[in-house]
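Structure, as structure tokens:
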Amino acid sequence: MQLIDALRVLDLGFDADVHAVKQAYRTLAFQVHPDTSVTSNEQFALLNDAYRLALAWAQNAPCPHCVKGKVQLVRGISVLNVPCTFCKGSGRRG
């Protein structure tokens, strides 16, 4: 399974964060779980594979709020010395 297929199964976009992936999985897992519905085990296994792939991508995706790795000067001050408030300076969303 590819990333685009996993995001399509979970009905998410490329800008989805970890929380959105988990929420989409929980919602769909409740609907297609073999114990609570008439769906097959294959559909639930497909959902689990999509969740694992999308979660790994969301945890390792670059932070959209910072430019870690690029030297930029704002009024003569390097922004790399100031950690991003969203990713705490790690450069990753997760």
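The values are calculated or read from the model by the stated rules, or taken from the named source; none is laboratory data. Just so you know, these numbers come straight off a predicted model, no measurement behind them. All Cβ positions, even for glycine, are placed from backbone atoms using ideal geometry, and neighbour counts span all protein chains on display.
Considering each of A16, A54, A45 in turn, give the residue that is surrounded by fewer than 16 Cβ atoms within 10 Å (Cβ to Cβ) and at pLDDT 80 or above. Steps first, answer last, please.
On the way: A16 fails: surrounded by fewer than 16 Cβ atoms within 10 Å (Cβ to Cβ); A54 fails: surrounded by fewer than 16 Cβ atoms within 10 Å (Cβ to Cβ).
Answer to the selection: A45.
Which one of the conditions (1) modelled with pLDDT under 85; (2) under 9 Å from the mean Cα position of the chain (by Cα) does M1 fail to meet, given that it meets all the rest?
Only one criterion in (1) modelled with pLDDT under 85; (2) under 9 Å from the mean Cα position of the chain (by Cα) is unmet by M1, namely (2).
Do you know which of the residues in segment 21-62 that are under 15 Å from the mean Cα position of the chain (by Cα) and of a type in the set (S, T, Y) is nearest to Q2 (Cα to Cα)?
Checking each candidate, the answer is Y51.
When both residues are 6+ apart or on different chains and their Cβ atoms are under 7 Å apart, which pairs have a first residue that lies in segment 31-58 and is free of Cβ contacts under 8 Å to residues at least 24 places away in the same chain, and a second that is part of a helix (DSSP H, G or I) and of a type in the set (F, W, Y)?
From segment 31-58, the pairs are V32/F44; H33/F44; P34/F44; T36/F30.
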